[in-house]
Structure formats: structure tokens, C-alpha cells
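A quick write-up on the structure given underneath.
The values are calculated or read from the model by the stated rules, or taken from the named source; none is laboratory data. Just so it is clear, the structure is predicted and the values come from calculations on it, not from any experiment. Ideal geometry is used to build each Cβ from the backbone, glycine not excepted, and the neighbour counts take in all protein chains shown.
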Amino acid sequence: MIAKQIIRGVLLVVALGSIAVWGNREYRKSKVIEQSAAAPIPAENLPVVSGNQVVMTYFISGPRCVSCKKIEDLTRETAEKDFPAELANKKLIFRVVDTGEPANHHYVGAYKLTSKTVVLSHRVDGKETEWAAMDKVWDYLDAPDAFRSYLAEPIRKFLGP
């Protein structure tokens, strides 16, 4: 009987301790999110061109698997093969950004990122006017032509005639 009471007491202490640790972690997470939301967004060092421009960003975070590297390669290939002139005159910019770095964490909220993905940002005279998260890049990993078409279509739309 006393053994049961001791075991119940120990289990209660463990359960309450676990809840306290979880609550503390959630509180600290909320404070980090509040601080990053309140922090000013750093100015981007992107070249500004007049008229339409597209910034194609592959957002990464943490270790990268074979598929993650393949997405980067296919995205770069799309830019280089389908838009060489636009790359040369800075109408299209390709970049890889690590959201795990504190200076880049604001992108997670700004683009509602939940995993590694490509985002196309349409800019006019240096100001972002709209953007598109290309979440289906994962679906086209084994179909390079479909991958390139999937990315190229909205790029052409953003760049205009």
C-alpha cells in the first residue's frame, strides 16, 4: 500500500515536471517569435532594375538531403537554361537563403515557409508586388522537364512581355 502511494507520488512529480518543462519551452518559443516579428527586417542587397524583376529563392534550413540538393540544381538549371538573358541583365536573380540563420529568419513568417521550398518574388522597380511559393517542386523531382515548366511559367508571367 505504501509502495503504491510512493509510486503515485513519483509519477505525479514526473508528470508535473514534464508539463512545466513543456510550458517553459512554449513560452520561450513565443518570445522568440514575438522578438523576430518586432525586429526590423534587414534591407536586402539585391540589385534594383527598372520594371519587372523576379527573385527566385530556394529557402533551406538545416542539413540538406539528396532531394534538397536536387531541387537546388534543378532550380538553378531552370534559371540558367530558360532565362540566360534575364539572369545576365538582373531581371531574374537566383539565390539560396538559409532561414536557420538569425538574419534570415524573417522569411519564414513573410512567406509562410513550412519546409525547404522555392519562392518566386515579383518585384517592380525594386519593390515586391507579389510572390508565389512553389511548393510542388517536391512533386516534380523525378521529372526535370515538368519541374522546369512548373517554375518557368510563373517567371514568364511575372516578367511580362
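Inspection of segment 15-22 identifies at least one residue that is at pLDDT 85 or above and over 17 Å from the mean Cα position of the chain (by Cα). The number of residues in segment 141-161 that are assigned to a helix (DSSP H, G or I) and over 23 Å from A85 (Cβ atoms) comes to 1. Do we find that S36 is under 23 Å from V118 (Cβ atoms), at pLDDT 80 or above and of a type in the set (G, A, S) in this structure? When the stated conditions are applied, S36 does not pass them.
E72 - would you say it is within 14 Å of A152 (Cβ to Cβ) and part of a helix (DSSP H, G or I)? For E72, the condition - within 14 Å of A152 (Cβ to Cβ) and part of a helix (DSSP H, G or I) - is not met. Residues in segment 125-140: is at least one in contact (Cβ under 8 Å) with a residue 40 or more places away in the chain, assigned to a helix (DSSP H, G or I), in contact with a helix residue (DSSP H, G or I) (Cβ under 7 Å, 6 or more places away or on another chain) and surrounded by 14 or more Cβ atoms within 10 Å (Cβ to Cβ)? Yes, some residue in segment 125-140 is in contact (Cβ under 8 Å) with a residue 40 or more places away in the chain, assigned to a helix (DSSP H, G or I), in contact with a helix residue (DSSP H, G or I) (Cβ under 7 Å, 6 or more places away or on another chain) and surrounded by 14 or more Cβ atoms within 10 Å (Cβ to Cβ).
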